[in-house]
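The values are calculated or read from the model by the stated rules, or taken from the named source; none is laboratory data. Note that the coordinates shown come from a computational prediction; the quantities given were computed from them, not determined experimentally. Here the Cβ positions follow ideal geometry from the backbone for every residue, glycine too, while neighbour counts run over all protein chains shown.
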Amino acid sequence: MENNSPRQRQRRRRPKADVAPAPRRAAPVTGRLRPLSQEDMARISEASFDILHDIGLSDASPEAVRAVVGRGGQETEDGRLLFPRSLVEEALAGLRRDFTLCARDPSQDIEMTRSRVHTGSGGASPMVVDLETGAYLPAMLADLYDAARLVDTLDNVQFFSRSMIAGDMETLRDLDINTAYAALAGTSKHVMTSCSQAEHVRDIAGMCFLLAGSAEAFRARPFLSLNINHAVPPLRFDPEACNVLLAGAELGLPVMVNTFGQMGASSPVTIAGCLAQTNAETLAGMVLAWIVNPEVTAIYGARPMVTDLRSGGMAGGSGEQAILTAAATQMAQFYNLPNSTIAGATDSKIADAQAGYEKALSVTMAVQAGANLVTQAAGTQAGLMATSFEAYVIDNDMLGAILGAASPIPVDAQTLAVDVIAQTVRGEGHFLGHPDTYARMKSDFVYPAHADRQAPDAWLANGAPTINSAARQAAQETLANHFPSHIPAEIDRDIRSRFDIKLPRERMRQA
């Protein structure tokens, strides 16, 4: 990529924004949305066990076959790998719960406890929406780094999952290593990335060990995890992704065990059938990771998607998608497994009203269902085909409102405020000046940074700004001025001496 393009030069000329950061709020504990009954979940689980035992998955790598057969599994004559119920149950009993996905900045750690919710970025967009023109452009490594830098400043985008594919990388090894580096350099939040080949996992792990100081230090505080799509629905493994999963588990990297079936295309058209197949595919990956490392940090990532049956395309902003996502989250909770899901995959091409309602619907339902990690919750457009910096900023406001609405309501003597009511009605007659009101202004309320709350006359007097114009300016100012420096210079030099890092140092500092 040309690192001095007009869009980059214009970003650097913007003045620094003078915005005080909001205090970080605790992740809410949710899980009140329950579209499936306990009996429903039990029946779906039984169907998944039957699928694994009787149908199995094809195209497993030789390494995966050896692992499963060595624990009582079977490979059929037509090449399908069967998982006995006893093995699945043993793995479910042994898999870790209630762990922490760490960040370089400990204040940004993610607690993977039951129904504690965190929202973040994600996707594999081949395109980026240009901040200046709105044009869809091929995504480059510098764009990925910019996305990480922007997310680093957004309070409600709580982790950075690789959001786009750097189209200027010539080889898969270059892509995997440089994607991890750009993300880790751009943010001190927890990073999630992908890997195409098992040997590249060792490279990424080596980079993480350098940053942490040692392999042991990284395993004690893992600040990077791998997104792995080990299955190709219906009921097939991706052999290379299987080996990536095995390598990640062996090396002690947290692994996101993700499955993407499309309802009516690569999974049954019914929600129940889609859930049964997707659950089976996801459990197969969880079992594989556990076999090679019983202490593995594995996250259940069932992500069934809805197909628009008129066109065959994804319908990520539909109501059906929202309820399907909530139900998939329930299945993870049925086994008490730390989990992740996708929500926010709007079909809109720009950050408009359609994007707003589609994202708000799907993300709200995922949050209320209690998904531990909601990826793709910010910044994506066009069914995950593009990443928008403007949308990141708008979505950060949206996520603050959604997470705030998910917080439980405390009811006690202090919050019932009977004494305060008595004092107020006998005194000033309103609560605006009461000490409790002032004290709770920041703790109990989420104030949007860019959504407009002015009175109409003040809004007109100030030029009738839109949330889009405010978000665009905020993104430009951040990208002109925010260049994280949490990687010490000597470690950065060591990384660059061992790996072919394509992101120039001069691109990583203010002009």
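Miscellaneous remarks
- Filter result for F218 (in contact with a strand residue (DSSP E or B) (Cβ under 6 Å, 6 or more places away or on another chain) and either of a type in the set (F, W, Y) or surrounded by fewer than 24 Cβ atoms within 10 Å (Cβ to Cβ) (or both)): no
- The range 440-467 - residue that is of a type in the set (A, V, I, L, M) and closer than 20 Å to A401 by Cβ and, of those, surrounded by the fewest Cβ atoms within 10 Å (Cβ to Cβ): M441
- Within the range 324-360, tally of residues that are free of Cβ contacts under 8 Å to residues at least 60 places away in the same chain, polar (S, T, N, Q) and surrounded by fewer than 24 Cβ atoms within 10 Å (Cβ to Cβ): 2
- Pair list, Cβ < 9 Å and 6+ apart or interchain, from the range 108-125 residues that are touching a residue at least 40 places away in the same chain (Cβ under 8 Å) and assigned to a strand (DSSP E or B) to residues that are acidic (D, E) and surrounded by fewer than 24 Cβ atoms within 10 Å (Cβ to Cβ): E111/D98; M112/D98; H118/E111
- Helices (runs of 4 or more DSSP H) enclosed by the range 375-451 - at least 2 residues per element that are without any contact (Cβ under 8 Å) to a residue 24 or more places away in the chain and under 23 Å from the mean Cα position of the chain (by Cα): none
- The range 452-495: number of residues that are part of a loop (DSSP other than H, G, I, E, B), over 13 Å from L150 (Cβ atoms) and within 25 Å of the chain's Cα centre (by Cα): 3
- Flag for A332 being modelled with pLDDT of 95 or more, more than 21 Å from Q473 (Cα to Cα) and not in a loop (DSSP other than H, G, I, E, B): yes
- Residues considered: T153, T179, T171, T187. Of these, the only one that is without any contact (Cβ under 8 Å) to a residue 12 or more places away in the chain and not acidic (D, E) is T171.
- Positions within the range 164-183 being under 11 Å from I204 (Cα atoms) and either in a loop (DSSP other than H, G, I, E, B) or within 19 Å of the chain's Cα centre (by Cα) (or both), in sequence order: D176, T179, A180, Y181
- In the set (1) over 22 Å from L337 (Cβ atoms); (2) surrounded by 18 or more Cβ atoms within 10 Å (Cβ to Cβ); (3) in contact (Cβ under 8 Å) with a residue 12 or more places away in the chain; (4) touching a helix residue (DSSP H, G or I) at 6+ places or on another chain (Cβ under 6 Å), V244 fails one condition alone, (1).
- Of the residues examined, V296 is one that is assigned to a loop (DSSP other than H, G, I, E, B) and closer than 21 Å to Q333 by Cα.
- Looking across the range 10-54 at every residue that is at pLDDT below 90, more than 30 Å from L131 (Cα to Cα) and of a type in the set (A, V, I, L, M, F, W, C), the one that is surrounded by the fewest Cβ atoms within 10 Å (Cβ to Cβ) is identified as A26.
- Set L137, L81: member being touching a residue at least 12 places away in the same chain (Cβ under 8 Å) and either surrounded by 18 or more Cβ atoms within 10 Å (Cβ to Cβ) or outside any loop (DSSP other than H, G, I, E, B) (or both): L81
- Odd one out for A366, checked against (1) modelled with pLDDT under 95; (2) more than 17 Å from the chain's Cα centre (by Cα): (2)
- Residue in the range 97-107 that is of a type in the set (D, E, K, R), within 16 Å of F159 (Cα to Cα) and in a loop (DSSP other than H, G, I, E, B) present: yes
- Pairs are defined by a Cβ separation below 8 Å, a sequence spacing of at least 6 or placement on different chains, a first member in the range 285-299 that is without any contact (Cβ under 8 Å) to a residue 60 or more places away in the chain, and a second member that is in a loop (DSSP other than H, G, I, E, B); the pairs so defined are G285/H230; A289/V296; N293/G252.
- Flag if Q321 is surrounded by fewer than 24 Cβ atoms within 10 Å (Cβ to Cβ) and within 21 Å of the chain's Cα centre (by Cα): no
- From S188, S163, S194, residue being touching a helix residue (DSSP H, G or I) at 6+ places or on another chain (Cβ under 8 Å), polar (S, T, N, Q) and over 20 Å from C102 (Cβ atoms): S163
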